[in-house]
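Below: the structure, in structure tokens.
Read the figures in this text as sums done on the coordinates, not as results from a lab. As the structure is a prediction and not an experimental result, all values here were calculated from the model. Methodologically, a virtual Cβ is constructed for each residue, glycine included, from the backbone with ideal geometry; neighbour enumeration extends over all protein chains shown.
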Amino acid sequence: MGGLRLGIDLDGVVADFTAGWIDLHRREFGSDLAPDGVTMWDGLHEFAGFPTMDAFWDWARPNGTRPSVFRHLRPLPGALETIRTLADVGHDIVIISAKPDWAVPDTLAWLSDHAMPTREVHLTFDKHEIDCDVYLDDAPHVLESLRTRRSDRTVCRFVQPWNAPMDGVVDVGGWEDFQRVVHPG
């Protein structure tokens with residue numbers, strides 16, 4: 001069997017977006033927010049004290065004194081090691097991440113800093129348009145889209161407090177689980 005195309009999301013799956021933006025928020029505002037308080041997909045602005053999600057994203061942009069929130073995120077435990085192992089045994093790592101234009105340079109720098117073993121990066125909000133054998137994502141709307149539009153493929157939900165189980169989607173509680181989905185047994 002040849003290698004599989006593994007469509008992997010970044011934020012909340014490979015990179016710890018929640019801890020990253022909360023660390024930045026603490027430094028800039030002196031807040032005492034904790035990552036375990038983030039339990040919903042669309043409520044970051046309320047949790048962080050911004051009037052709207054647009055205001056949250058305006059704050060997250062690079063601002064002349066610092067890069068965007070996406071530049072210095074920590075990898076989630078096991079993410080890079082598992083991705084490298086999967087690439088080493090012949091699977092194609094396809095990064096598929098939804099990013100605003102202002103986040104592209106910092107995202108590409110982050111991938112380079114972490115020596116992501118990929119030749120294919122898609123920064124798109126239409127993730128279902130990228131053809132892969134197995135998908136791994138945490139966004140509820142993306143999982144629904146992949147489940148519906150790529151029903152003949154394996155779609156994996158990276159379990160997070162902001163997403164819920166879905167019929168036809170494989171739950172992945174961590175990177176060891178994902179490796180078992182790709183290599184059962």
Apply the Karplus parameterisation 6.51 cos²θ - 1.76 cosθ + 1.60, with θ equal to phi minus 60°, to every residue of the stretch 71-76 and state each ³J(HN,Hα) to the nearest whole Hz, in sequence, with x for glycine and proline.
-> 6, 10, 5, 8, x, 6
Local electrostatic count, S151, Cβ distance below 14 Å [Lys/Arg +1, Asp/Glu -1] = -1
Before anything else, pin down the relative contact order of the stretch 36-185: Cα pairs under 8 Å, at least 6 apart, normalised by residue count, whole percent.
-> 20 percent
One point scatterer per Cα, no solvent, Debye formula: log10 I(q)/I(0) for the stretch 17-60 at q = 0.17, 0.21, 0.22, 0.33 Å⁻¹ comes out as -0.40, -0.62, -0.69, -1.47
Cα extents of the chain along the three principal axes, largest first (Å) = 52, 34, 27
Under the Karplus relation 6.51 cos²θ - 1.76 cosθ + 1.60, θ = phi - 60°, what is the ordered set of whole-Hz ³J(HN,Hα) values for the stretch 151-161, x standing for Gly and Pro?
-> 5, 8, 10, 8, 10, 10, 9, 6, 4, 9, x
Using helices alone, what [θ] at 222 nm do you get for the chain, with -39,500 (n - 2.57) per DSSP H run of 4 or more residues, divided over all residues and rounded to the nearest 500?
-> -10000 deg cm²/dmol
Net charge of neighbours whose Cβ lies under 14 Å from the Cβ of A115, counting Lys and Arg as +1 and Asp and Glu as -1 | -1
For M116, other-chain or 5+-apart residues with amide H closer than 5 Å (H placed, Pro excluded) are none
Count charges around A164 for me, please; just the other residues with Cβ under 15 Å from its Cβ, Lys/Arg as +1, Asp/Glu as -1.
-> -4
Taking the chain as the reference, fit the longest principal axis to its C-alpha atoms, fit the long axis of helix 17-29 to the helix C-alpha atoms, and give the angle between the two in degrees, 0 to 90, nearest 10.
-> 10 degrees
Sticking with the crude label model, points 7 Å out along Cα→Cβ, report the distance from D171 to D54 in nm, one decimal please.
-> 3.8 nm
